[in-house]
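Working notes, beginning with the structure itself.
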Amino acid sequence: MINILTMMVAAGLGASLRAYIHQLPVFKDNDIPYNTMAINILGSFLMGFTVMIVVENTQYYLIIVTGFLGGFTTYSQFALDQFNLLREKKTKLFFKYSLSTVFFTLVAVAFGLIAGSMFV
């Protein structure tokens, strides 16, 4: 039971950090939602890194990966951003945002796995 409560607290902390980063002034007034992209890229790197380090420890995996990083990263906001770009008929920006987010999150998780494997 303590693992579930700890995971819930970690998810709340991850979501709070996401909300903080999401509203930073550096991300304002852009056609593409770089704030969501940056959050998901950072979260992907941290997920790859963390998975390599805590793969044997289910308790830490639940707390860090499922809890904190699950609360931090945001596929639902990514999907909403995509929908809004399509609704606003910004097709080129939709494809630029979608493809670059998917590409860079895959690259980030790969780099995270590589970096994490150096500590194992």
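Readers should treat all values here as calculations from the given coordinates under stated rules, not as data from a laboratory. Please read all numbers here as calculations on a predicted model, not as lab measurements. Neighbour counts are summed over all protein chains in view; Cβ atoms, including those assigned to glycine, are modelled from backbone coordinates with ideal geometry.
Shape class of region 1-83 from the Cα gyration tensor (axes a ≥ b ≥ c, square roots of the eigenvalues): prolate, since a/c reaches 1.5 or more and a/b is larger than b/c.
Counting only helical runs of four or more DSSP H residues, what would the 222 nm mean residue ellipticity of the chain come to if each run contributes -39,500 (n - 2.57) and the total is spread over all its residues?
Mean residue ellipticity, 222 nm, calculated: -23500 deg cm²/dmol.
Estimated from the Cβ-Cβ distance and a Förster radius of 41 angstrom, the FRET efficiency linking Ser117 and Lys89 is about 0.40. For region 1-28 and region 49-120, compute the distance between their C-alpha centroids and round to whole Å. Value for the Cα centre distance between the two parts: 14 Å. Compared with the dominant principal axis of the Cα atoms in the chain, helix 2-22 is inclined by about 30°.
The alpha carbon gyration tensor of region 40-114 gives principal lengths a ≥ b ≥ c with a/c of 1.5 or higher and a/b no greater than b/c, which makes the shape oblate. For the chain, the dipole from Cβ point charges (+1 on Lys and Arg, -1 on Asp and Glu) about the Cα centre works out to 360 debye, to the nearest 20. Label positions at Ser98 and Tyr34, each projected 7 Å from the Cα along the C-beta direction, are separated by 2.3 nm. For helix 75-87, what angle does its Cα long axis make with the longest principal axis of the chain, in degrees from 0 to 90 and rounded to 10? So the inclination is approximately 10 degrees.
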